[in-house]
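The values are calculated or read from the model by the stated rules, or taken from the named source; none is laboratory data. Quantities reported herein were computed from a predicted structural model and do not represent experimental measurements. So basically every Cβ, Gly included, is an ideal-geometry build from the backbone, and we count neighbours across all protein chains shown.
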Amino acid sequence: MAPGPDTHTYYPADGHGLPHDPFNAIVAPRPIGWVSTLSADGVVNLAPYSFFNAFNYVPPIVGFASLGHKDSVTNAETTGGFCWNLATEDLAEQMNATSATVAADVDELALAGLTPVAGDVVDVPYVAETPVSFECRTSQVVRLTTAAGDPVDTWLVLGEVVAVHIARSALTDGIYDTAAARPLLRGGGPSTYFGIRPEHRLEMRRPR
């Protein structure tokens, strides 16, 4: 059935025909991959990635995609590890500061005025100010391809979570409280973000 007059249909290879590409706004809001890594020379890198998510329960695996083979990818490959740090509304300005394009020898934690904490398991520091951090061992680095098999200049980095650090303020009766942590989520466009509030909570059981 052909799309009706009330539907905007486009084919990405031909362009979207809108004032701004809607793809990122449709697949949103998304958790932010605020990823810290360590270079072979010992320089700390901290960068936010809007293409980030969890991919497995046991063992827990998270991943981020980098448009271009950037320092985070190189470091995660070279040292074999990275840390994910929860970007929160309280840390929005610091997170944004670490998105700046700077030289590889610049320590973004210091640039954003953040405090590094040495990892327990991986040799990568995480952010002291965040309520949640994952220490991850790099498990795969995959270059994405098109459906035709042509390589794309985007790299998916997957890591097994080997240590989890949670601030007790984010726990309610021992249960992690998503809204209490006030995670910052990426929306569409060049500057849109969202938050989570307790009143937006919806409980729904899966059918058996």
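Going through segment 31-63 one residue at a time, which ones are within 15 Å of E108 (Cβ to Cβ), surrounded by 15 or more Cβ atoms within 10 Å (Cβ to Cβ) and not aliphatic (A, V, I, L, M)?
Within segment 31-63, G33, W34, S36, T37, S39, N45, P48, Y49 meet the criteria.
Name the one entry in S39, S50, S72 that is touching a Gly at 6+ places or on another chain (Cβ under 8 Å) and among the polar types (S, T, N, Q).
S50
Select, from G149, G189, G174, the only residue that is touching a residue at least 40 places away in the same chain (Cβ under 8 Å) and at positive phi.
Answer to the selection: G189.
Return the residues of segment 132-181 that are more than 17 Å from A65 (Cβ to Cβ) and among the polar types (S, T, N, Q); say none if nothing qualifies.
Selection gives S133, S169, T172, T178.
Can you name the residue in segment 117-149 that is of a type in the set (A, V, I, L, M) and farther than 27 Å from R182 by Cα and is also surrounded by the most Cβ atoms within 10 Å (Cβ to Cβ) among such residues?
V141
Consider A97 against the criteria (1) more than 16 Å from the chain's Cα centre (by Cα); (2) at pLDDT 95 or above: it satisfies all of them except one. Which criterion is unmet?
Failed condition: (1).
Would you mention how many residues in segment 151-176 are of a type in the set (D, E, K, R) and either surrounded by 14 or more Cβ atoms within 10 Å (Cβ to Cβ) or under 15 Å from the mean Cα position of the chain (by Cα) (or both)?
1
Name the single residue that is nearest to G113 (Cα to Cα) among those in segment 79-101 being of a type in the set (S, T, Y) and surrounded by fewer than 23 Cβ atoms within 10 Å (Cβ to Cβ). Step through it out loud before you land on a result.
Filtering segment 79-101 for residues of a type in the set (S, T, Y) gives 79, 88, 98-99, 101.
Add one more test, that the residue is surrounded by fewer than 23 Cβ atoms within 10 Å (Cβ to Cβ), and what stays is 79, 88, 99, 101.
Details: T79: 24, T88: 15, S99: 14, T101: 17 Å.
Selected residue: S99.
If a residue has to be touching a Phe, Trp or Tyr at 6+ places or on another chain (Cβ under 8 Å) and within 14 Å of E135 (Cβ to Cβ) to count, how many in segment 76-101 make the cut?
Looking only at that region, the number is 5.
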